[in-house]
Amino acid sequence: MLALCVSLVALHGRELTRRQLGGAAGSALAAGLLPPAARAAVSPDEMRTSANIDGYTALTGQPGSSLGAGAISGKSRPRTGVCLLEPVATVGSAAGGGKTVTVQSLVALDGGVAATTRFESPYPLAQGFYYDVETRSREGDGAFLLVERLPAGATLDTVDGAWLLSTVFASTGRFGAYGVPTDVRLLADSFADERGAAAAGGASGGRGGGARDQPRLRLVEVSFAALTPGGSEQRRHAMISALQPRGSEDAMLLVGGTSELRWKKEGTADALRRLVRSFELDGTRATKIGRALRNDYRVAEGTLFP
């Protein structure tokens, strides 16, 4: 099976390029990369990247070997719902002194949509098994991309704040590594109307980053208590920006956060606010590639698991 996957990596990689998104033949190839047992184990409607070190065997049908530190640390890989179709691209360098890096990612969404998003971050791109699209500083400040299907019949305009909070603070999420966050306090929830009015139904898409082409950006501020590896609680502060691309059933969230202590440090809160407000669509297109683990380009390359 391993030899078969290696021989098909080049073809699969071409199928996931921007020029060929939506190709039915490529979609069939992606499904064919997995043995029947593995395809049955991974629901196409559930984007679970991995919850434990048994995920590699379930995914590929091969026993795991040479596991890296990310797989044996006891810290589960978070569920972000991100299905990457291409490697995350960066421009610039977050080397301090007010410099930022532009982070661009192409992801598959429910509803037959592929979306390219970008944001500006003062923190470098985090790389490795544990991360999908995330930037982090050495001090623990950072931001990550989260994708979640909206409730049936709802749009980002109509869904209540409780749904957003339950999505961000799920036990399988980025903040649930050592337990579900507690004492979650919704501090603000509004739309950044200067980005342009949303189309009917609350979702719009665009190209080129112009304000008129952008979906409305929903901005949420929250504080909460997160559990540490030792079982103690740490107060944290987060800013969330959310948008819904036209034609998709999903909300895309950029979640920026830091400790409450660092939030109060001069410059940290402003930096995180600028980061989440920079979140925007760089383009959308139709695709037949579903938002499923088997379609993530890292599965074909063998880099999603250590």
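The values are calculated or read from the model by the stated rules, or taken from the named source; none is laboratory data. All values reported here derive from a predicted model rather than from experimental measurement. All Cβ positions, glycine included, derive from the backbone under ideal geometry; neighbour counts span all protein chains shown.
I need a count of the residues in region 273-303 that are in a loop (DSSP other than H, G, I, E, B) and not hydrophobic (A, V, I, L, M, F, W, C).
Here the count works out to 8.
Tell me the strands (runs of 3 or more DSSP E) entirely within region 107-200 that contain at least 1 residues that are out of contact with any Pro (no Cβ under 7 Å at 6 or more places or on another chain) and within 17 Å of Gly81 (Cα to Cα).
Strands (runs of 3 or more DSSP E) meeting the threshold: 113-121, 134-136, 142-149.
In the list Val184, Val101, Val168, Val107, which residue meets the criterion of being surrounded by 16 or more Cβ atoms within 10 Å (Cβ to Cβ), under 23 Å from Leu272 (Cβ atoms) and touching an Asp or Glu at 6+ places or on another chain (Cβ under 8 Å)?
Step by step, each of Val184, Val101, Val168, Val107 is checked, and only Val101 is surrounded by 16 or more Cβ atoms within 10 Å (Cβ to Cβ), under 23 Å from Leu272 (Cβ atoms) and touching an Asp or Glu at 6+ places or on another chain (Cβ under 8 Å).
Might you check whether a residue that is surrounded by fewer than 18 Cβ atoms within 10 Å (Cβ to Cβ) and of a type in the set (Gly, Ala, Ser) occurs anywhere in region 249-256?
no
Considering each residue of region 157-177, count those that are over 15 Å from Val222 (Cα atoms) and polar (S, T, N, Q), and give that number.
Of the residues in region 157-177, 3 are over 15 Å from Val222 (Cα atoms) and polar (S, T, N, Q).
Scan Val147, Val113, Val159, Val220 and give me the residue that is modelled with pLDDT of 95 or more, closer than 14 Å to Gly256 by Cα and either β-branched (Val, Ile, Thr) or outside the structural domain of Glu280 (by TED's automatic domain parsing) (or both).
None of the other options fit; the residue is Val220.
Hey, any hits in region 141-158 for a residue that's within 21 Å of Glu280 (Cα to Cα), in contact with a helix residue (DSSP H, G or I) (Cβ under 6 Å, 6 or more places away or on another chain) and crowded, with 19+ Cβ neighbours inside 10 Å?
yes
How many residues, within region 248-272, are part of a loop (DSSP other than H, G, I, E, B) and touching a Ser or Thr at 6+ places or on another chain (Cβ under 7 Å)?
Result for region 248-272: 0.
Which one of Glu134, Glu120 is at pLDDT 95 or above and in contact with a helix residue (DSSP H, G or I) (Cβ under 8 Å, 6 or more places away or on another chain)?
Residue meeting the stated conditions: Glu120.
Identify, please: which residue in region 231-248 is of a type in the set (Lys, Arg) and surrounded by fewer than 20 Cβ atoms within 10 Å (Cβ to Cβ) and is, among those, nearest to Val113 (Cα to Cα)?
Among those residues, the one meeting the criterion is Arg246.
Among the residues of region 78-106, what is the count of those that are on the phi < 0 side of the Ramachandran plot and part of a loop (DSSP other than H, G, I, E, B)?
Of the residues in that region, 14 qualify.
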